[in-house]
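Report on the structure given below.
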Amino acid sequence: MLSVTIYSFSFKRGIPADASGNGGGYVFDCRSTHNPGKYEQYKTMTGLDQPVIDFLEQDGEILTFLESVYALVDHHVARFIERDFTNLQVSFGCTGGQHRSVYCAEHLARHLKEKYPVQIHLIHRERGIEREL
C-alpha cells in the first residue's frame, strides 16, 4: 500500500527531509495566498481553527491553489499505486507553518484518503502534531 507523508512546515526552519530515503515528492509554497497571520485576531490560531478556515476560504484563493495541487498529486498517487511504489512525500510551506500550510496539508490528506486506498501520515511539524489517517 502506498504511504503518503504530508507535512506542513515553516520555510524559516527549512524543508522537511524525506525519511523514506527515496527522495522526490512535492514541496508547495503557500506564501502566495492571503496570510491570516498578518491579522491580530488570527495570530494565536492555526489552519485547524474555523475562523482561520473561513478567512482562507473567503476569497477563494486557497481553494484555487489546492485545485492545482490536487491535479498534480492525484496523477502522481495514481501512477505510484499502479507501479507499486510505497512512499510519496508532499510538503506545504508558509511563513510560520501555522495557518496556510496547516490548512493545505489537512485538506490534501482528506482529499487523498477519500479518493485512494492509501495510508496517510500527516505531520504539522511546527505545531508538533502527527497523526495517521
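Just so you know, all these numbers are worked out from the coordinates, no wet-lab data involved. Source: prediction; values computed, not measured. With ideal geometry, Cβ positions are generated from the backbone for all residues, glycine too; neighbour counts draw on all protein chains shown.
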Contact list please: Cβ distance under 9 Å, first residue in the range 22-34 and closer than 14 Å to V102 by Cα, second residue among the polar types (S, T, N, Q) and part of a loop (DSSP other than H, G, I, E, B), pairs at least six apart or on different chains. C30/T95; R31/T95
Hey, can you tell me all the residues within the range 94-108 that are buried (at least 24 other Cβ atoms within 10 Å of the Cβ) and small (G, A, S)? G97, S101, A105
Between residues in the range 80-103 that are closer than 11 Å to E126 by Cβ and residues that are among the aliphatic types (A, V, I, L, M) and in a strand (DSSP E or B), which pairs lie under 7 Å by C-beta distance while being six or more apart or on different chains? G93/V27
Please verify whether A105 is under 11 Å from the mean Cα position of the chain (by Cα) and either farther than 15 Å from C30 by Cα or aliphatic (A, V, I, L, M) (or both), treating the condition exactly as stated. yes
